Amino acid sequence: MKRLFILIMCAGLSAQVRIGEMRSITSSLHVRDMTKDGTNIILATGGGLVNYESNTGDYTVYTKDDGFADTDLQTVHIGPKGLVWVGSKMGVQIWDSKTESIRDWFQLDIETVSGFATYQDMIYGAVKNDGQWGIMEFIHANEKIYYRDFYGRSDIQYIDEIVTFGDQLLLRTDLGLIGGNPHLKHPIYWEKSFQNINEKVLTVDASDKVLALVTDKAIYAVELGKDPIALIREDDNIRSIKSISVIENNRFTAISDSIIFDVGTDRLSQGFTDSDMVFTEIITDQFGIWVGSHVGFGRIDGREFGSPLNHIAVNGPSVQSPEAIQFIGNDQWIMASKNGLSLTGWANWSSTSVSTNLNPNLNIQKSPIYLGRNISNIVHLNGKILIGLNYSSSAGIVSVDVSNGLTLDHLYYPRKLSFGLEELYAVKGIVVDKKDNIWSISENNENEPLSVFKGEDTRHISIAESGGKLNKNVNAITVDNFNRIWTGSPSGLVMYKYTGDVMDPTAEVWANEMVNPGMPKRIPLAMNVSDKNRLWILTPVGLIYKNLQVSETNPVTQTGPLGNNNELYPYFPNGSFDTQSKIRFDPRGNVWVTSITDGVHIITENGEYWPDINGLNTSNSNLLSNHVNDVTFNGNEGLAYIATDKGVSVIRIPFADKKESFSSVGIFPSPFRIPDAQPMTIEGLKDNSSLMIMTLNGRVIRKIPNAEVQGYQAFWDGRDSQGRLVGSGVYLIAIYDQKGASSMEKVAVIRK
């Protein structure tokens, strides 16, 4: 397969990016695990690996742009030779902090990794492998890392932690704490540790000579070679402890969701407390106590438990798994999920409470409304953002003012759906018609699946009012270029046309249309209408279209695409689609179809696949995940923002807005040093441009015909027409199109 180029950037995707290059935008605020390496605190987060240098305050996030195969990380551990072992649901990755690169990646049949431990310079991971939990063994030899074996335990339902204590590995499992020496006894024969403790084990931690052990009844200290001693019993706070860290003999620190505890003999005292901050992990070092949370991490200086928490986080998006995304102009875009909103800048709404102890650099506030179970879509209207809410008790649509951060503007209310005593708004989709009326489709108990909003006025349209044509299970909606509303349901397509004021029309037309004339029950999963009057319909067996005309009685002129036998032959017939899939159009009218298992599929208006029949996925690009929820476009820059369940992948595409002149031509790098693996890029070209590379006296040394131009970019490798590297000097680049427009640019070339 064709492998797309990878771009490594720390800031925004600037204009100096080549077509096909991709970068990642992730949220690294949710800390799953943390460890220390000298003055570095290393975090496994939902958006990548974070390294925080405590002396300098340097905060670096590493993602797919830096070579990670997966950024949705679960656990982290410092192993032999200072290498960082990282576990996730996609396998084991080994990171070299010195070279800032991935040393190895072991995918095997790993389903998840819950922890690592080092024993005699070997690494053991607590792993669920091909449906079975056990420990996976890795060794170092000849400066390389090798997978050695997997020791499964069919009797174990889970392993939540693994630690080294003395000459044993201890596993916290559903069977309790079990352990053994991996060099002396096969793990299948390991038995329960500390036979006299018959309590549920909640968490463990170990130093060289001390083990901290928390059960649902007590907190124990275990010195190496001795029996456990209960430091504390019969305290209601014990059951809330989720992580513990050894400070010294008989002194530990621990966390619940919102409390940091000081643990000693007959002492479980509460230190820093914040009911709005969910703690996830705790470690200690000579500087103090480090605590991970759902929103960054922090440090209590020293070991005084009454000290405040110094929260640490860089400003960034709080939305980790965007369900919908929308470009809104001026290089700004917004993404949303049930957990909140994030607007480039970054300004954030969070569905959960927001602590007053957060770093002021982090711009995040509590959402003023309940965002529901998921977001159906986002629409941009007159400087406001309309967001469809699915199963929300607050509203069906929320309008958000984004002119200065995120401000609640207006709420819209379709009919409600009852769940016992609970009444919710279940909006499946929203569109705005040519008169700026807002339409929504929703589940409800009144059999009024279609609602329209105009200012403060609302109209709910019932199935009966449509003459029985609407369906209560409507799941797709769009508006065509003749201002007709189209809805899709298991019963097919319905077209609605109104005349006059939508709240009190002077005339109305309802019409049915089959999705596939040959198959009455084909279900429309998603719909959208292109600028060229083509209604695109996604079905379980692929993508089809209907060419539209102005007639209300006969709105469809043709259904396609058609094969050689004149039968319907859908695009992407082997794709995996459902009602979460979306159809979007890039600036050139090409069709992008999302899938939660296959990435994103693209078909150009002339029926060709881009970049090939496989579309964009994790196997042929740096896409963060094959679970794609939405896509939006910056037409001026030629950027596609692809929203996945692991963040946003931004890719430069050859489908920007058409250039009207050569006034925005740019050349990079300049000067151009050759030889170089990366060619020089000339961008900002008009359609059908060609180029000539010339010396200052006008001698043509290389021609670049239109066939070699990718969209609005052309490339030169520093060679002449004979394949020879040119010499150092200044060269002219003549750019011209088929209509006679032209431009002349200069570039300096330095031959190394």
In the list [x] 50, 37, 24; [y] 48, 30, 25; [z] 114, 18, 18, the entry giving semi-axes √(5λ) of the Cα gyration tensor in Å computed from the coordinates is [x]
Here the range 214-223 yields Karplus 3J(HN,Hα) values (6.51, -1.76, 1.60; θ = phi - 60°; whole Hz; Gly and Pro given as x) of 10, 10, 6, 10, 7, 10, 10, 10, 10, 7
Expressed as a percent, the portion of alpha-carbon pairs in the range 8-98 spaced more than 16 Å apart is 54 percent
Residue-ordered couplings for the range 471-488, obtained by feeding phi - 60° into the Karplus form 6.51 cos²θ - 1.76 cosθ + 1.60 and rounding to whole Hz (Gly and Pro as x), are 10, 5, 9, 4, 10, 8, 8, 7, 10, 9, 6, 9, 6, 9, 8, 10, 10, x
Ordering 47-53, 161-167, 742-748, 560-566 by per-residue average of other C-beta atoms within 10 angstrom, highest first, gives 47-53, 161-167, 742-748, 560-566
In nm, the gap between the two label points placed 7 Å beyond Cα toward Cβ at HIS140 and THR265 is 3.9 nm
Expected sort for 331-344, 308-321, 55-68 on mean C-beta neighbours within 10 Å, highest first, is 331-344, 308-321, 55-68
When the charge dipole of the chain is computed with +1 on Lys and Arg Cβ and -1 on Asp and Glu Cβ about the Cα centre, the Cα farthest towards its positive end, among PRO705, VAL222, ILE667, belongs to PRO705
Once normalised by the length of the chain, the mean sequence separation of its alpha carbon contacts under 8 Å that are 6 or more apart gives a contact order in percent of 7 percent
For 422-433, 193-204, ranked highest to lowest by mean beta-carbon neighbours within 10 Å, the order is 422-433, 193-204
Here the residues of the range 259-284 lying in the modelled label zone of ASN310, meaning backbone nitrogen under 17 Å from a point 7 Å along Cα-to-Cβ, are 272, 283-284
Amide H contacts under 5 Å for GLY638, restricted to residues at least 5 apart in sequence or on another chain and with H modeled in the peptide plane, are ASP657
Restricted to the chain, the DSSP antiparallel beta bridge percent, nearest 5, is 95 percent
Quick calc, GLU552 & LYS658: beta-carbon distance into FRET formula, R0 22 Å, rounding 0.05, result 0.10
Between SER393 and TYR147, the FRET efficiency computed from the C-beta separation at R0 = 60 Å comes out, to the nearest 0.05, as 0.75
Cα-Cα pairs in the range 666-751 separated by more than 17 Å, as a whole percent of all pairs, come to 41 percent
Pseudo-spin-label distance ASP531 to LYS226, built 7 Å along Cα→Cβ, given in nm, is 7.8 nm
Lys and Arg at +1, Asp and Glu at -1: neighbours of GLN722 with Cβ under 14 Å from its Cβ sum to +3
Computed for the chain: size of charge dipole around the Cα centre, +1 on C-beta of each Lys and Arg, -1 on C-beta of each Asp and Glu, debye to nearest 20, value 2120 debye
Counting only DSSP beta bridges fully inside the range 666-751, the antiparallel percentage to nearest 5 is 90 percent
Per the 1/(1 + (r/R0)^6) rule, R0 = 22 Å and r from the Cβ atoms of ASN404 and ASN357, FRET efficiency to 0.05 is 0.30
Given the candidates ASN620, ALA324, ILE378, the one whose Cα lies deepest towards the positive end of the charge dipole of the chain, counting +1 at each Lys or Arg C-beta and -1 at each Asp or Glu C-beta, is ASN620
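Only the coordinates and a few stated rules stand behind these numbers; no lab work does. It should be emphasised that the depicted structure is a prediction, and the values quoted were computed from it without experimental measurement. Glycine gets a Cβ as well: all are built from the backbone with ideal geometry, and neighbour counts include every protein chain shown.
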